[in-house]
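The values are calculated or read from the model by the stated rules, or taken from the named source; none is laboratory data. Nothing here was measured: the structure is a model prediction, and the numbers come from that model. Because the Cβ atoms are built from the backbone with ideal geometry, glycine has one as well, and the counts that use them run over all protein chains shown.
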């Protein structure tokens with residue numbers, strides 16, 4: 001099982017079901033409950049489209065963070081200050097390998113010529129910018145990861161949620177289409193990975209503005225921390 005399926009298994013078990021994983025082998029559905037109810041699972045994430053392709057935002061943001069973090073930790077310059085690194089980006093950024101090489105060169109140059117300003121740009125290209133902000137006192141490392149901004153993330157929260165629920169449900173609906181007649185009911189569990197941290201009034205707005213996606217008897221958005229449904233359609 002992948003991480004989303006493990007969360008779904010825990011949720012279904014907590015509800016008193018006895019979920020059977022991949023009852024038909026390595027094809028849909030992911031689980032079978034109540035003998036005739038098929039359950040499909042997918043992470044609910046933010047997606048971006050470019051060049052006629054769709055990509056989850058985390059598919060770039062996570063490896064990009066790890067890459068810059070590794071670069072920051074690899075430069076052990078014995079300076080008198082520490083610097084927080086902050087970066088912002090939008091897609092596409094091109095080759096991550098080439099970007100890492102350019103950032104490393106810029107970080108080494110920055111460390112060798114430690115500036116007197118409190119903040120400044122370390123590296124910038126068309127869709128990426130890396131800045132350094134001086135720490136108030138020296139820390140354990142010369143470079144410390146501060147944070148990042150994904151300029152394609154966010155938007156109006158409820159609108160983004162509706163758009164991504166619709167997108168994820170369509171992806172799964174296409175997958176089950178040739179198997180639909182095998183089971184009486186089909187449920188979709190969407191494991192919330194958007195990071196939106198929905199509040200009560202946000203969920204109320206969702207209920208008013210969203211309809212149950214076509215092709216499903218039940219759709220549930222599951223909080224991966226509490227294993228409770230945020231929304232049921």
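Could you tell me whether region 154-166 includes any residue that is modelled with pLDDT of 85 or more and either within 21 Å of the chain's Cα centre (by Cα) or within 24 Å of residue 216 (Cα to Cα) (or both)?
yes
Whether any residue in region 11-19 is closer than 19 Å to residue 180 by Cα and at pLDDT below 95 is what I want to check.
There is no residue in region 11-19 that is closer than 19 Å to residue 180 by Cα and at pLDDT below 95.
Looking at (1) under 23 Å from the mean Cα position of the chain (by Cα); (2) loosely packed, with under 14 Cβ neighbours inside 10 Å; (3) in a helix (DSSP H, G or I), which one does residue 226 not meet, given that it meets all the others?
(3) is the only condition that residue 226 fails.
Identify the residue in region 81-100 that is part of a strand (DSSP E or B) and under 20 Å from the mean Cα position of the chain (by Cα) and, among all such residues, is modelled with the lowest pLDDT.
89
Take the residues of region 43-74 that are surrounded by 16 or more Cβ atoms within 10 Å (Cβ to Cβ) and assigned to a loop (DSSP other than H, G, I, E, B): which is modelled with the lowest pLDDT?
Residue satisfying both the conditions and the ranking: 57.
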